[in-house]
1. Which order do the peptides 120-131, 50-61 come out in when sorted by mean C-beta neighbours inside 10 angstrom, highest first?
2. Count charges around TRP128 for me, please; just the other residues with Cβ under 9 Å from its Cβ, Lys/Arg as +1, Asp/Glu as -1.
3. Among (1) 69, 34, 26; (2) 41, 34, 30; (3) 56, 32, 29, find the value of Cα extents along the principal axes in Å that was calculated from the structure presented, and write down its label.
4. ASP102 to GLU63: FRET efficiency via 1/(1 + (r/R0)^6), r the Cβ-Cβ distance, R0 22 Å, to the nearest 0.05?
5. Projecting each Cα onto the charge dipole of the chain (Lys/Arg +1, Asp/Glu -1 at the beta carbon, about the Cα centre), which of LEU116, GLY46, PRO105 comes out farthest on the positive side?
6. Would you mind working out the accessible area per residue for the chain, using a 1.4 Å probe, and quoting it in Å²?
7. Summing +1 for each Lys or Arg and -1 for each Asp or Glu, what net charge is found among the other residues whose Cβ lies under 12 Å from the Cβ of GLY31?
8. So if each residue of separation counts as 0.36 nm, and I subtract the Cα-Cα distance between GLU126 and ALA88, what length gain in nm does that give?
Amino acid sequence: MATSQSPPHARPQEARTVPADPAQLPFFVYGTLRTGGRNHAAYLDGLCAAVRPAVLPGAALYEGPGFPYAVPDPDRRVVGELVTVFPAGYPSVLAGLDRLEDCRPDGSGEYVRLRLTVRTEDGETEAWVYLAGPRTAARLRSGAAPVESGDWTRG
């Protein structure tokens, strides 16, 4: 789970405090959890009620060691998918994704999970988004160039 602090450079209307009892929000996925990705098959296959294209405004995409990171950046966007999980499987999917992303309650993990607004062709909706944790985000901002397209599948 994420901390109650907004990530650096995030606009206040984008980042919200994660409630103690998380709602069954859809997930915005942008890397290996996208349809066809190795982690989609392992963590989401057969558990999705819907998958549709989506965009996360206010974030930049960075290449990681075999997977990407999203980092708050008001001038960029990340392309991905909005995944709605069947209610019966939701608790196990949420727990599995938190483990996969090394998402820790104190915010010290590889990723933090935040409730953010994403855009689909139908409008805006809130979703859980895994962003790079604070230490990783600082390292990426200081030395790596963002993926220009914002789409990990395109490079």
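The values are calculated or read from the model by the stated rules, or taken from the named source; none is laboratory data. What you are looking at is a predicted structure, and each value in this text was computed from that prediction instead of being measured. Here the Cβ is made from the backbone with ideal geometry for all residues, glycine too, and neighbour counts use every protein chain on show. SASA here: full protein model, heavy atoms, side chains in, ligands and nucleic acids out. Shrake-Rupley method; radii C 1.70, N 1.55, O 1.52, S 1.80 Å.
1. So the peptides 120-131, 50-61, ranked by packing, come out 50-61, 120-131.
2. Local charge sum for TRP128: +1.
3. Answer by label: (2).
4. My answer for the efficiency is 0.80.
5. Positive-end residue among those listed: PRO105.
6. In whole numbers, the chain has 49 Å² accessible per residue.
7. Net of charged neighbours comes to -2.
8. 11.7 nm
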